[in-house]
Amino acid sequence: MSAQSLEQLRSRKCVPCEGGVPKLTKAAAEEQLAKLVGWIITADGQRIRKEWIAKHFMAGMRFFDLVAEIAEAEGHHPDLHLVGFRNVAVEIWTHAIGGLSENDFILAAKIDELPIQLKPV
């Protein structure tokens with residue numbers, strides 16, 4: 001996979017993955033990650049993650065509702081984390097292959113379009 005722009009990623013749809021697809025190489029994942037803002041590759045190299053500090057608990061929950069809607073529409077489901085009542089995080093990977101695929105970056109790009117009320121700085 002060559003790195004795609006945000007517009008290209010957002011115009012794509014996640015494709016069902018039942019395994020048998022190779023994981024992205026570290027180099028390919030890092031190249032695609034450079035197109036996203038605020039996402040990191042986790043220490044194990046198998047997932048991408050982004051964190052936000054929501055304005056309050058309900059802002060975090062509203063954001064998760066929006067993430068859930070897009071994840072369900074894409075058929076690609078991330079892990080959602082809420083810690084300390086407003087620290088939200090999303091982790092994405094392709095479960096069937098135990099690592100990163102193009103689907104993960106498509107979903108991340110779409111999540112980045114969602115509104116979230118952030119804690120004032």
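The values are calculated or read from the model by the stated rules, or taken from the named source; none is laboratory data. Every value quoted in this text rests on a predicted model; they were computed, and no experiment measured them. Every residue, glycine among them, receives a Cβ derived from its backbone with ideal geometry; neighbour counts consider all protein chains shown.
Just name the residue that is farthest from Ile106 (Cα to Cα) out of those in the range 28-46 that are of a type in the set (S, T, N, Q) and touching a strand residue (DSSP E or B) at 6+ places or on another chain (Cβ under 8 Å).
Once the filter is applied, the top-ranked residue is Thr42.
Matching residues to (1) part of a helix (DSSP H, G or I); (2) at pLDDT 95 or above; (3) of a type in the set (Lys, Arg); (4) more than 11 Å from the chain's Cα centre (by Cα):
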| position | (1), (2), (3), (4) |
| --- | --- |
| Arg10 | yes, no, yes, yes |
| Gly19 | no, no, no, yes |
| Glu51 | no, yes, no, no |
| His81 | no, yes, no, yes |
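Would you confirm whether any residue within the range 55-73 is at negative phi, of a type in the set (Asp, Glu) and assigned to a loop (DSSP other than H, G, I, E, B)?
no
Quick check on the range 21-37: of everything there that is part of a loop (DSSP other than H, G, I, E, B) and of a type in the set (A, V, I, L, M, F, W, C), which residue is surrounded by the most Cβ atoms within 10 Å (Cβ to Cβ)?
For the range 21-37, the residue satisfying everything is Leu24.
Could you please let me know if Ile116 is assigned to a loop (DSSP other than H, G, I, E, B), surrounded by 13 or more Cβ atoms within 10 Å (Cβ to Cβ) and either modelled with pLDDT under 95 or touching a Cys at 6+ places or on another chain (Cβ under 6 Å) (or both)?
No.
Considering each of Phe105, Phe63 in turn, give the residue that is modelled with pLDDT of 95 or more, within 23 Å of Pro120 (Cα to Cα) and among the aromatic types (Phe, Trp, Tyr).
Matching residue, one of Phe105, Phe63: Phe63.
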